[in-house]
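Written below as structure tokens is the structure these notes are about.
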Amino acid sequence: MASSILANVSEKAKEAMTTEKSAKVADLSRDTRDIHSGTHHITSDYGVKQINTDDWLTIANDDKTGPLLLEDPFAREKIHRFDHERIPERVVHARGAGAFGKFTLFESAADVTSAGVLTDTSRETPVFLRFSTVLGSRGSADTVRDVRGFAVKFYTEEGNWDLVGNNIPVFFIQDAMKFPDVIHAGKPEPNNEVPQAQTAHNNFWDFQYLHPEATHMFMWTQSDRSIPRSYRMMQGFGVNTFTLINGKGERSFVKFIFTPDLGVHSFVWDEALKLAGQDPDFHRKDLWEAIDNGAFPTWKFGVQVIPEAEEHNFEFDILDATKLWPEELVPIRYIGQLELNRNVDEYFTQTEQVAFCTSHIVPGIGFSDDPLLQGRNFSYFDTQLSRLGINWQELPINRPVCPVMNHNRDGAMRHTITKGSVNYWPNRFEAVKPATVQEGGYLDYPEKVAGIKARTKAPKFREHFNQAQLFYNSMSEPEKHHIIAALGFELDHCDDPVVYTRMCERLCEIDLSLAQNVAELVGGDVPQQAKRQNHGKKAKGLSQLEYMPEKPTIATRRIAIIIADGYDPVAYNGIKAAITAAGALPFTIGVRRNTLFPAGESKGSGNGVVPDHHLEGMRSTMFDSIFVPGGAQSVETLRKNGRAVHWVREAFGHLKAIGAVGEAVAFVKDACALPGLSFSESSDVVDSYSVVTASQTQPNSFKEGIQMAKGAKDFV
Ligand code: HDE
């Protein structure tokens, strides 16, 4: 890792991590052992010290190795433990990355809820957040096109509140009963288990067509939202409609939203595709490194609230999870902040064993009759039983930080020892009794329910296209292009004409030019007429261009500086200082990882730089931007190096900011030259939301560094 300003922060961060313990981290320390503290000997699980853990007990002769003895308890234990290391992976969201953090409030929401976590501004509530992809197996790649999970466990003083959200505000289906179908259709096909972690196949798109309610959501998944640059740069949405109940017993409907302070940013598709092979752990590492470096990611936490009396005032049903609540109609009220500030100590016991349940709510928060939520409330507890067993809530990562006491008992692997002679209520000792509401007991909202038992939904659930149009209309031009290209890619992978032809017809219900463009690309019938008039309306907050950080920043971005022997040391040191001063991460990429020497110096001079990586070890895709310092000899070497040229050209193709000084300016121009495209035209092409150009964002500190670099007037 390159040295950077963050290296200093890192020490502070690490100190904070060890000294400042949240209630949850303190709680976990009861079950934590540290292999680095003190001197330990290897023991068996039953505590006996072992003298040899490499050789199975055998009957040996001087010149002959004999059969192994089954009697060897150490060898058997080691193998048994290994044989059973795996537990079933999650049926969806199998691949994930998690971290600890805290939730704080800057405004009380006491007018709408009595929940302590949403009203007490003096509290710091510990949280654990697990990000995930949905479709891939545990070993699949991070950067695939997919929805991302955003599951937050709030360890509140009144019990655990699990807000199990996604980075997209709506869902494919309206009723939980269809969940197995949508997931089966998206997962690998059953005959050959192909493809892995992809929606680009016949079954997925077959399902999308046959379920018009999925239309709005698939437009989101075909947008840049489903290829985020980082877990730190995406929004989180509770998706379902929950309720809030205030101290006066009044109920409102609510949606929960997290918006990242770093802004919402995405890859371009070609980057995401390549990274899936070049660095399948890209997002996992990105999160880990940021936290480890003290660059703690933060999100603003907001609520959209609709008073109970206004439930039916909208043209959509507010309990339909395929619809969002446009901000123009229901503004977001940001009331809190979520910060991630501590990496896990062990992946399995924390990130893998963490288990969320939408049914876990605390006083002041309730469910609604959203049919997707109601089904989820059943499903999550159920899935933990097969993944972790009935006592899953006792696992250190899952147990609450407030007292837990009840008459639930036994079950496989029960851990808690409860003393006393009764395990039922009521009992003659009045031991362990229900709480009153005043004592903090959960009061179910007395909702009046009446109706006919039937498999049906309210009429507004039958409209599926208005918000798909709203979403498409609200995109900027580049975002629209990306959606067309994404649909073009996905449907190109469908070889059944029924699937792609029908899908082109479906697109015609959203927008004629969208349908025409995609149909041209994938070989569908190019429609001449819209099947449904586009209403032309737009809404706030849907285009991710609206989520640039308040103060544009390149902090935590990865910038590669490419050099060979004979590089210009002034330019090199200048740009490195500038990048560091802006809080970004400079990585020196050399033609080799052995020391490289600046202009005028050679081996033995004692000067030079040891690159972090060499050109073959990394790819431009792993960096947000690249910079090439001058130095005649260095630039000449790079010109002759196909990989170096490819780095520059590829970064240019991904619309990244490319910097160069001195001799390197001509090299960069030549490497990027495309027939028919002059450099001055192309230099204006900046994917402003996937890459923030350094010069735009930190003029002062950046300029200072640049001024140190020779040839600043030629800076590209
Ligand atoms: Fe999930 N979902 N889901 N889901 N979901 C699971 O629970 C389910 C839905 C989400 O990091 C499972 O513990 C049903 C919407 C996340 O551990 C399972 C329905 C949203 C995670 C399950 C949905 C989500 C899960 C699998 C349709 C966004 C990962 C493992 C009604 C709001 C949590 C597990 C983690 C995981 C069921 C739809 C988000 C099987 C039945 C909508 C982030 O219980």
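Restricted to region 651-671, and to residues there that are surrounded by fewer than 20 Cβ atoms within 10 Å (Cβ to Cβ) and without any contact (Cβ under 8 Å) to a residue 40 or more places away in the chain, the residue that is nearest to Y572 (Cα to Cα) is A666.
With under 30 Å from I483 (Cα atoms), small (G, A, S) and crowded, with 19+ Cβ neighbours inside 10 Å as the only criterion, which of A151, A109 stands out? Walk me through it before giving the result.
Numbers: A109 fails: under 30 Å from I483 (Cα atoms).
Checking each option against the conditions leaves just A151.
From the list G604, G536, G617, G600, the one residue that fits, being surrounded by fewer than 23 Cβ atoms within 10 Å (Cβ to Cβ) and either of a type in the set (D, E) or within 30 Å of R232 (Cβ to Cβ) (or both), is G617.
Look at (1) in contact with a strand residue (DSSP E or B) (Cβ under 8 Å, 6 or more places away or on another chain); (2) within 13 Å of the ligand (Cβ to nearest atom) and you find that K323 fails only one, number (1). How many residues does region 458-498 hold that are acidic (D, E) and either touching a strand residue (DSSP E or B) at 6+ places or on another chain (Cβ under 7 Å) or part of a loop (DSSP other than H, G, I, E, B) (or both)? Within region 458-498, residues that are acidic (D, E) and either touching a strand residue (DSSP E or B) at 6+ places or on another chain (Cβ under 7 Å) or part of a loop (DSSP other than H, G, I, E, B) (or both) number 3. Please specify each residue of region 532-556 satisfying the condition of being at pLDDT 95 or above and either charged (D, E, K, R) or farther than 30 Å from F296 by Cα (or both). R532, Q533, N534, H535, G536, K537, K538, A539, K540, E546, listed by residue number. Filtering T436, T416 for residues that are over 28 Å from V239 (Cβ atoms), in contact with a helix residue (DSSP H, G or I) (Cβ under 7 Å, 6 or more places away or on another chain) and either modelled with pLDDT of 95 or more or in a loop (DSSP other than H, G, I, E, B) (or both) leaves a single hit, T416. A single member of L388, L443, L395 is under 27 Å from V182 (Cα atoms) and not polar (S, T, N, Q), and it is L388.
Any residue that is at pLDDT 95 or above and more than 28 Å from G139 (Cα to Cα) - is there at least one of those in region 94-102? Among the residues of region 94-102, at least one is at pLDDT 95 or above and more than 28 Å from G139 (Cα to Cα), which makes the answer yes.
Look at region 353-382: where a residue is touching a residue at least 12 places away in the same chain (Cβ under 8 Å) and at positive phi and a partner is more than 12 Å from the ligand (Cβ to nearest atom) and not in a helix (DSSP H, G or I), sitting 6+ places away or on another chain with Cβ atoms under 7 Å, you get G364/T113; G364/S114; G364/A115; G364/L244; G364/I245.
For F171, the stated conditions hold: it is aromatic (F, W, Y), near the ligand (Cβ under 8 Å from one of its atoms), farther than 30 Å from C402 by Cα and crowded, with 23+ Cβ neighbours inside 10 Å. Given the condition more than 16 Å from the ligand (Cβ to nearest atom) and either in a loop (DSSP other than H, G, I, E, B) or closer than 20 Å to T243 by Cα (or both), answer yes or no: does some residue in region 341-351 qualify? Yes: one or more hits. Take A666 and tell me if it is in a helix (DSSP H, G or I), of a type in the set (A, V, I, L, M) and modelled with pLDDT of 95 or more. Judged against the criteria, A666 is not a match.
A quick yes/no check of all residues on (1) assigned to a helix (DSSP H, G or I); (2) touching a residue at least 24 places away in the same chain (Cβ under 8 Å):
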| site | (1), (2) |
| --- | --- |
| C504 | yes, no |
| E509 | no, yes |
| S513 | yes, no |
| Q516 | yes, no |
| L521 | yes, yes |
| Q529 | no, no |
| K538 | no, yes |
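Listed here are the residues, each with its yes/no results for (1) within 16 Å of the ligand (Cβ to nearest atom); (2) touching a residue at least 40 places away in the same chain (Cβ under 8 Å); (3) not in a helix (DSSP H, G or I).
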residue: V194; (1), (2), (3): no, no, yes
residue: Q198; (1), (2), (3): no, yes, yes
residue: N203; (1), (2), (3): no, no, no
residue: Y209; (1), (2), (3): no, yes, no
residue: H216; (1), (2), (3): yes, yes, no
residue: R225; (1), (2), (3): yes, yes, no
residue: R232; (1), (2), (3): no, yes, no
residue: V239; (1), (2), (3): yes, yes, yes
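Among the conditions (1) in a loop (DSSP other than H, G, I, E, B); (2) within 16 Å of the ligand (Cβ to nearest atom), the only one that K178 does not satisfy is (1). Here are the criteria: (1) modelled with pLDDT of 95 or more; (2) over 21 Å from V665 (Cα atoms). Tell me which single one G606 does not satisfy. Of (1) modelled with pLDDT of 95 or more; (2) over 21 Å from V665 (Cα atoms), only one is false for G606: (1).
Within region 391-430, the residues that satisfy the criterion of being surrounded by 10 or more Cβ atoms within 10 Å (Cβ to Cβ) and among the hydroxyl-bearing types (S, T, Y) are T416, T418.
Look at region 593-618: where a residue is outside any loop (DSSP other than H, G, I, E, B) and a partner is among the acidic types (D, E), sitting 6+ places away or on another chain with Cβ atoms under 8 Å, you get L596/D565; P598/D568.
Kindly indicate whether any position in region 388-396 is in a helix (DSSP H, G or I), without any contact (Cβ under 8 Å) to a residue 60 or more places away in the chain, over 24 Å from A435 (Cα atoms) and not hydrophobic (A, V, I, L, M, F, W, C). No, region 388-396 has no match at all.
The values are calculated or read from the model by the stated rules, or taken from the named source; none is laboratory data. Since we're looking at a predicted model, the values are computed, not measured. Don't worry about glycine lacking a Cβ; one is built from the backbone with ideal geometry, like all the others, and counts go over all protein chains shown.
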